[in-house]
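Throughout, read-outs are computed from the coordinates displayed, never taken from laboratory work. Everything numeric here is computed off the predicted structure, so don't read it as measured data. Because the Cβ atoms are built from the backbone with ideal geometry, glycine has one as well, and the counts that use them run over all protein chains shown.
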Amino acid sequence: MIIEIVALVVSLIAMASAFYVWSRSKRSKQESEAHVTVLQGQLESLRKQMMELHTGAIGMGQRLQAVEGAMQQINDRQQELTMQDPERRLYSRAAKMVELGADLDEVMSECELPKAEAELLISLRKGRS
């Protein structure tokens, strides 16, 4: 009879232990599933944010291209206007000569500028350097 009681107690302990392990693994599985659900939600949120950033970057790139195109048109137009005005062309040429190191007499003779204007141009250009 004692052996039967001991066997019964050992069986009850084994069943309790198995039930504890089973309930623990079930709880762990539920916790894991909850973590997976949270992580999936975070992943979806990050995907949406990434798409918004991507869309914004594309829009910004298009705007930048438009601005660069407008700047190029303005530069081209400015060059045209500079070349259309004969006096401006002479001053542009004189300024370029000064940048390249031409002296007062060269600027006066090549660009047909009065001495005062050539001196002023040289002093302005050297002041920038």
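Quick notes
- Extension gain for Gln42 to Lys115 (0.36 nm times residue separation, less C-alpha to C-alpha distance): 18.8 nm.
- Residue-averaged 222 nm ellipticity for the chain, from DSSP H runs of 4+ at -39500 (n - 2.57), nearest 500: -33500 deg cm²/dmol
- With the simple spin-label model, which puts each label point 7 Å out from Cα in the Cβ direction, the Ser28 to Asn75 separation comes to 6.7 nm.
- Our summary gives the chain a relative contact order of 13 percent, counting only alpha carbon pairs under 8 angstrom and 6 or more residues apart.
- Within straight-line cross-link reach of Lys126, lysines at Cα separation under 23 Å, skipping those fewer than 8 residues along the same chain: Lys96, Lys115
- Binning the C-alpha pair distances of the chain at 10 Å intervals from 0 yields a P(r) profile of 10, 15, 11, 9, 9, 8, 7, 7, 6, 6, 5, 4, 2, 0 %, listed from the shortest bin outward.
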